[in-house]
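What follows is a short report on a single structure.
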Amino acid sequence: MKIEIERSGGFAGITKKITVDTEKLPKNVGNNIEEHLTKKKLINTRPNTVKSKTADCYYYKISSQTGNEKQEIEFSEFDVDNKIRRMVNNLFSKQ
């Protein structure tokens, strides 16, 4: 599955985008990202009040498209546990 990951915000407010084929990632990383996309599941489910209260945090959007069906999840760095956040940040550090 090819996915696009967008990270915005942070201290400088810079937006970065990468496109990744999950089949070329380590199996556990690719499977975890695909699971979150297909189930639209976040690891921590709490009201997203962080966006309006916290400056300088990262916001993420992970999306893919298969045919006419688009899958997308959006979250702040506080909406998920460290595992998924580290996986995504690791992908950006390799680009």
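The values are calculated or read from the model by the stated rules, or taken from the named source; none is laboratory data. Computed from a predicted model, the values in this text were never measured in an experiment. Heads up, the Cβs are rebuilt from the backbone with ideal geometry, glycines too, and the neighbour counts pull from every protein chain shown. The accessibility values were calculated without ligands, DNA or RNA, using every heavy atom of the protein model including side chains. Shrake-Rupley method; radii C 1.70, N 1.55, O 1.52, S 1.80 Å.
Listing for the model above:
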item	result
Total formal charge among the other residues, if their Cβ is under 13 angstrom from that of Glu6, Lys/Arg +1 and Asp/Glu -1	+1
Positive minus negative residues near Lys61 (Lys, Arg vs Asp, Glu; Cβ under 10 Å)	-2
With DNA, RNA and ligands ignored, accessible area of Thr38 (1.4 Å probe; Å², nearest 10)	80 Å²
Long-range amide H partners of Cys57 with built H, under 5 Å	Gly10
